[in-house]
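The values are calculated or read from the model by the stated rules, or taken from the named source; none is laboratory data. Values in this document were obtained by computation on a predicted structure and should not be read as measured data. When we count neighbours, we look across all protein chains shown, and the Cβ atoms used for this are built from the backbone with ideal geometry, even at glycine. SASA here: full protein model, heavy atoms, side chains in, ligands and nucleic acids out. Shrake-Rupley method; radii C 1.70, N 1.55, O 1.52, S 1.80 Å.
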Amino acid sequence: QVQLVESGGGLVQAGGSLRLSCAASEGIFSSSAMGWYRQAPGKQREWVTTITSRGATNYVTSVEGRFTVSRDTAKNTVYLQMDSLKPEDTDVYYCNKVPPLGVAWGQGTQVTVSS
């Protein structure tokens with residue numbers, strides 16, 4: 001069964017930090033490139049970052065230098081460390097494969113950054 005469970009979101013002031021976690025079922029995680037995505041109400045889901053099975057990373061320009069993605073293979077978990085948060089980072093954050101697997105979308109975790 002494909003399962004992705006995101007956690008770690010919350011309310012934070014601008015300039016603050018949050019660390020998101022994504023627990024993945026082994027079948028989806030093992031040798032896959034994994035990523036984080038985000039979506040605001042009424043807008044399309046946006047890709048944020050990718051981490052390959054070998055640990056190579058890349059980021060959307062708007063978060064580069066502020067967000068850091070990592071993965072723990074032993075725990076089938078992907079993390080997103082978000083620093084220097086801005087109000088425009090307010091979204092629901094999801095993890096999934098890259099490219100995403102449609103049936104695997106979880107509930108996401110809400111991140112709200114107040115100004």
Checklist entry - Add -39500 (n - 2.57) for each DSSP H run of 4 or more in the chain, then divide by its residues: what number comes out at 222 nm, to the nearest 500 deg cm²/dmol? => result -500 deg cm²/dmol
Checklist entry - Using a simple charge model, +1 on the beta-carbon of Lys and Arg, -1 on the beta-carbon of Asp and Glu, nothing else, what dipole does the chain show about its Cα centre, in debye to the nearest 20? => result 140
Item to check | Å² per residue, accessible surface of the chain at 1.4 Å | outcome: 52
Checklist outcome for this item: Taking protein heavy atoms only, a 1.4 Å probe, and rounding to whole percent, the accessible area of segment 12-101 owed to carbon and sulfur comes out at 48
Checklist entry - What are the aspartates and glutamates whose alpha-carbon lies under 17 Å from the alpha-carbon of Lys97, with same-chain residues fewer than 8 places away excluded? => result Glu6, Glu26, Glu46, Asp72
Next on the checklist: What does the net charge come to around Cys22 if you take all other residues with beta carbon closer than 14 Å to its beta carbon, with K and R at +1 and D and E at -1?
Outcome noted: +2
Checklist entry - Farthest toward the dipole's positive end in the chain, which of Ala14, Pro99, Gly35, given Cβ charges of +1 (Lys, Arg) and -1 (Asp, Glu) about the Cα centre? => result Pro99
Item to check | Among 18-24, 8-14, 91-97, 54-60, the order from most to least packed when residues are scored by Cβ within 10 Å on average | outcome: 91-97, 18-24, 8-14, 54-60
Checklist outcome for this item: For Asn76, the net charge from surrounding residues (Cβ-Cβ under 15 Å; K, R +1; D, E -1) works out to 0
Item to check | Local electrostatic count, Gln44, Cβ distance below 13 Å [Lys/Arg +1, Asp/Glu -1] | outcome: +1
Item to check | Charge dipole (the chain, unit charges on Cβ, about Cα centre) - positive-most of Gly108, Leu4, Ser53 | outcome: Ser53
Checklist outcome for this item: So, for the Cα atoms of segment 1-71, Rg and Dmax in Å stand at 13.1, 38
Next on the checklist: On a straight-distance basis, which aspartates and glutamates could pair with Lys43 in a cross-link, Cα separation under 19 angstrom, same-chain partners fewer than 8 positions away excluded?
Outcome noted: Glu88, Asp89, Asp91
Next on the checklist: Using the Cα centre of segment 33-73 as the reference point, and only Cβ charges (+1 on K/R, -1 on D/E), how large is the resulting charge dipole? Debye, rounded to the nearest 20.
Outcome noted: 80
